[in-house]
Amino acid sequence: MTNSVGYKGNDKLLFGIILGVLAFWLFAQTTLNINVDMAKDLNMDESMMNIAVSVTALFSGIFIVVFGGLADKIGRVKIIRIGFYFSIIGSLLVGLTPVGSASVSILILGRIFQGLSAAAIMPASLALIKSYWEEKDRQRAISLWSMGSWGGSGFAALFGGLMVNIGWRWIFFAAAAFSIIGLIMIKGTPESKAERKENHKSDYAGIITFMLAMIALQILVSKGAQLGFTSVAGIVLIAAIFLFSIMFFYIEKGKKGAFIDLKLFNNMIFTGATISNFLLNGTAGMLIVSLILLQVGGNLSAQEAGILTLGYAIAIVLFIRVGEKLLQRFGARKPMLWGSLIVGLAIILLMFTNVMTGTYKILAIIAYTLFGLGLAFYATPSTDAALSNLPENQTGAGSGIYKMASSLGAALGVATSAGVFAAFNVGKHVQWLEGVLTFVGREDNVVVREAATIALSVNLLMIIMAVLSIVITIPKSSGKAIN
């Protein structure tokens with residue numbers, strides 16, 4: 001790596017970077033809980049709000065590999081600075097979204113900028129930590145960075161619920177302020193770049209076709225039920241997904257310097273870990289569905305619903321290192337399976353929407369805590385399985401794809417869950433479900449409760465697929481990569 005000789009990272013730089021991480025994970029992610037209040041204030045359609053919630057993770061996932069490569073080429077500090085600019089612009093656009101015809105376009109544009117901010121700051125900041133910190137100092141820096149990302153995501157729903165009483169717009173004004181402070185704190189940091197090896201041209205064709213396929217898919221799962229899957233718009237979206245996907249695979253196949261190196265998927269362990277990572281992150285959809293249910297069906301405020309997620313935040317922070325210890329003792333396969341099954345149990349508990357609100361609140365507290373515990377068990381073993389089994393010259397590209405899977409999984413998982421929920425929450429009872437579950441208590445919210453159960457079952461299906469992926473591809477004892 002080509003860096004300033006003798007420069008060592010310091011806490012001012014580290015905490016400046018962490019502010020950028022928090023602007024996304026703690027502030028931008030509050031929309032998983034406060035979307036109900038936002039939609040009411042902006043008079044926005046539910047399906048459009050669902051797109052606004054999930055589009056941030058979508059653009060983060062699409063562009064994280066792009067910005068990671070740019071950071072190596074033109075400088076990590078420069079890309080982090082650009083990420084802060086994106087965060088400030090995006091946060092202010094969201095915070096200043098007007099009520100009226102322009103609300104949808106301004107809100108979604110702001111959320112896209114927030115996603116681009118995360119795509120820029122996340123890979124560039126990790127690379128900078130690897131460059132400017134050594135040994136124990138590096139481990140401390142990575143731990144604090146991880147606390148910002150994992151801890152921020154854990155506390156986002158609770159934080160949003162508490163802040164919404166002040167006004168949801170202030171969440172995003174605060175995010176912009178954090179980003180400005182972070183920008184000031186990294187000022188004067190010498191540039192860091194990767195050593196130049198092969199100078200491939202940017203794969204614009206691959207990026208554009210992939211982006212168009214993902215956006216079409218996102219719109220289809222978010223608004224498909226409303227538009228009609230067999231309508232002209234629905235058929236056009238389905239055709240666009242297939243067309244751009246085929247074009248993408250044709251462009252990327254065997255291409256040097258490809259946006260996504262498809263040869264990496266010849267490694268079955270990497271493939272299985274990446275697929276299960278995509279699916280586990282997709283279960284974030286359980287949060288948006290259950291939190292909407294608690295507010296719309298249970299008449300809880302965003303603050304009351306957010307407080308129920310406290311166990312999720314605490315579990316993921318306390319047990320993330322336990323996943324590391326389980327990896328060291330049992331290898332990757334067992335803790336990945338245990339984590340997935342614990343998340344599956346959490347989803348099953350939330351599917352009992354037929355009970356009284358008081359009982360469901362207790363189930364939600366337990367479920368959210370189990371969700372955090374399961375993700376904590378899964379995270380480190382999965383990352384290790386994905387990357388440690390790749391040759392050294394493929395770990396950079398592999399880590400980019402793995403991180404992309406995390407963001408895209410969250411984006412599509414949230415969009416799919418919210419889309420299914422909206423499709424069944426249309427005032428009509430699901431007759432076959434009433435024969436399975438007996439809904440007690442209020443009758444005026446049964447349709448909402450039925451819709452939530454069906455949407456949560458989609459998340460359970462993701463867990464079943466993740467478990468199958470792990471069982472098929474992750475060996476009981478993983479060997480080292482062959483160079």
Inset, instruction - State the answer as a single residue: which of Ile288, Ile464, Tyr7 lies farthest towards the positive end of the charge dipole of the chain, with beta carbon charges of +1 for Lys and Arg and -1 for Asp and Glu, about the Cα centre. - result: Tyr7
Legend entry - the chain: calculated mean residue ellipticity at 222 nm from DSSP helix runs of at least 4, using -39500 (n - 2.57): -25000 deg cm²/dmol
Legend entry - 20 Å reach of a label modelled at Leu318, 7 Å along Cα-to-Cβ, counting backbone N of region 123-156: 144, 146-156
Inset, instruction - Rounded to the nearest 10 degrees, what's the angle between the helix 310-330 long axis and the longest principal axis of the chain, both from Cα atoms, 0 to 90? - result: 50 degrees
Inset, instruction - Sticking with the crude label model, points 7 Å out along Cα→Cβ, report the distance from Ile74 to Trp170 in nm, one decimal please. - result: 3.8 nm
Inset, instruction - Using only the Cα atoms of region 284-435, build the gyration tensor, take square roots of its eigenvalues as a ≥ b ≥ c, and label the shape rounded, prolate or oblate: rounded if a/c is under 1.5, else prolate if a/b is larger than b/c, else oblate. - result: prolate
Legend entry - region 189-260 and region 62-129: distance between their alpha carbon centers, rounded to Å: 18 Å
Legend entry - C-alpha long axis of helix 232-252 to longest principal axis of the chain, angle in °: 20 degrees
Legend entry - Using θ = phi - 60° and Karplus 6.51 cos²θ - 1.76 cosθ + 1.60, couplings along region 376-387 (whole Hz; Gly, Pro as x): 5, 5, 7, 4, 5, x, 5, 4, 5, 4, 5, 9
Inset, instruction - Pull out a ≥ b ≥ c, the square roots of the eigenvalues of the alpha-carbon gyration tensor of region 201-255, then state rounded if a/c is under 1.5, prolate if not and a/b is larger than b/c, and oblate in the remaining case. - result: prolate
Legend entry - J(HN,Hα) series, region 208-219, from Karplus relation 6.51 cos²θ - 1.76 cosθ + 1.60, nearest Hz, glycine and proline x: 5, 5, 5, 4, 5, 5, 5, 5, 4, 5, 4, 5
Inset, instruction - Just add up the charged neighbours of Phe84: K/R +1, D/E -1, any other residue whose Cβ is under 14 Å from the Cβ of Phe84. - result: +4
Inset, instruction - Using a cut-off of under 15 Å, list every residue of region 241-275 whose amide N is near the label point 7 Å from the Cα of Leu468 along the Cα-to-beta-carbon line. - result: 272, 275
Inset, instruction - Within 10 Å of each residue's Cβ, count the other Cβ atoms and sort Thr416, Thr473, Thr271 from fewest upward. - result: Thr271, Thr473, Thr416
Legend entry - Distance between modelled label sites at Ile106 and Leu262, nm, 7 Å Cα→Cβ extension: 4.3 nm
Inset, instruction - State whether region 257-374 is rounded, prolate or oblate according to the following rule on the C-alpha gyration tensor (a ≥ b ≥ c being the square roots of its eigenvalues): a/c under 1.5 gives rounded; otherwise a/b larger than b/c gives prolate, and the remaining case gives oblate. - result: prolate
Inset, instruction - Treat every Asp and Glu Cβ in the chain as -1 and every Lys and Arg Cβ as +1, leave all other atoms uncharged, and give the resulting dipole magnitude about the Cα centre to the nearest 20 debye. - result: 1240 debye
Legend entry - Relative exposure of Glu191, Glu324, judged by other C-beta atoms within 10 Å (fewest first): Glu191, Glu324
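Quick note: the coordinates plus some simple rules give every number you see, no bench work behind them. These figures come from a predicted structure and were not determined experimentally. Using ideal geometry, Cβ is built from the backbone for each residue, glycine included, and neighbour counts are taken over all protein chains shown.
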